[in-house]
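Data first, discussion second: the structure below is written as structure tokens.
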Amino acid sequence: MAKLCVNIDHVATVRQARRGSEPDPVAAAVLAELAGAASITCHLREDRRHINDADVERLNQTLRTHLNLEMAATEEMLGIAERIRPYMVMFVPEKREEVTTEGGLDVAGSLGRLKEATHRMKAAGMLVSHFIDPESEQIDAVAACGADVMELHTGGYANARGEEARLVELAKLVSGAAHATRNGQRVNAGHGLNLRNVLPVAAIPNLVELHIGHSIVSHAVMVGFERAVREMVEAIGRATTLAERFTPEEILRQYSA
């Protein structure tokens, strides 16, 4: 069964609307752990639009599970990671003008730089993940970098309109996870997943973690943070049970909204 890693960035987004101290993303992370989250993700962006340096330090000191720090592979961020030393760092593409991360990292096109950054983080004692689109070239490039983990970008699937389009995108994720598994790589997945579309992805064989944030924070506005996390954990568990009888594609046709 894939485990849930909760991204708490958008708790900080609400806080930054008033530049105050609430809601506290660290408190949200603790509630997520109490509700069954296996780990916590945050993204320290260059412009500090939501999570800030102090948040990362407090999270790393407070969590009982693990911290996954998303970041661009820049000198500034590499230095911060070396100082704070979270459990895992995940390299992601970052553009100042984007609302959220758009697409996966081009590892194949930046192999030398990312291989060096990967080895630097591993030498400092951290696991390293790369956020990529489900393409064989990128999957093999992550392996060539020596990264411990890859996270498959599920945005194409989440944004697809209509069942047939979703099936096409789901097939890419299934194939990508299988390719990575043959390479001996650990596979996570995330971006754009919610209670309506998570079942088929959670049923993909060999996924270790699903990283989900925005939809949980949005749902928490209505039902509370612990309940929102718990409902996602339960949905992932349901997908695991369904996967004993159905393929991810069959689950999409029968159970997804």
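The table below gives the values:
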quantity: Likely footprinting exposure, SER218, SER175, SER129, fewest C-beta neighbours within 10 Å first; calculated: SER218, SER175, SER129
quantity: Computed helical MRE - 222 nm, the chain, DSSP H runs ≥ 4 contributing -39500 (n - 2.57), nearest 500; calculated: -15000 deg cm²/dmol
quantity: Gain upon complete extension [GLU250, VAL223; 0.36 nm per residue less C-alpha separation]; calculated: 6.7 nm
quantity: Global geometry of segment 1-84, whether rounded, prolate or oblate, following the gyration tensor of its Cα atoms and the 1.5 cut on a/c; calculated: oblate
quantity: Three-way shape call for segment 122-192 based on the alpha-carbon gyration tensor, with the a/c threshold at 1.5; calculated: prolate
quantity: Where labels lie 7 Å past Cα in the beta-carbon direction, separation of GLN16 and ASN183 in nm; calculated: 3.1 nm
quantity: GNM flexibility winner over the chain from GLN61, GLN138, GLN185 (Cα, springs under 10 Å); calculated: GLN61
quantity: VAL168 versus ASP148: modelled label distance in nm, points set 7 Å from Cα along the beta carbon direction; calculated: 3.7 nm
quantity: For the chain, built as a Gaussian network whose Cα springs stay under 10 Å, the top-fluctuating residue of ALA239, ALA180, ALA27; calculated: ALA27
quantity: Rg/Rg_ref, the chain, where Rg_ref = 2.2 N^0.38 Å and atoms are Cα; calculated: 0.95
quantity: Volume per residue of the C-alpha convex hull in segment 29-165, rounded to whole Å³; calculated: 128 Å³
quantity: Segment GLU76-GLU137, length gained on full extension (0.36 nm per residue, minus Cα span); calculated: 19.2 nm
quantity: Under Karplus coefficients 6.51, -1.76 and 1.60, residue-wise ³J(HN,Hα) of segment 48-64 in Hz, glycine/proline x; calculated: 6, 5, 9, 5, 10, 4, 5, 4, 4, 4, 5, 4, 5, 7, 9, 4, 8
quantity: Among ASP47, ASP55, ASP148, residue whose mean-square fluctuation peaks in a GNM of the chain (springs only between Cα atoms under 10 Å); calculated: ASP47
quantity: Burial ordering of LEU44, LEU69, fewest other beta-carbon atoms within 10 Å first; calculated: LEU44, LEU69
quantity: Kirkwood Rh in Å, taken over all unlike Cα pairs in segment 105-257; calculated: 16.1 Å
quantity: Fully extended contour minus Cα-Cα distance, from THR65 to LEU195, at 0.36 nm per residue; calculated: 44.5 nm
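Any read-out appearing in this document is the output of simple, stated calculations on the displayed coordinates, not a laboratory observation. As the structure is a prediction and not an experimental result, all values here were calculated from the model. Methodologically, a virtual Cβ is constructed for each residue, glycine included, from the backbone with ideal geometry; neighbour enumeration extends over all protein chains shown.
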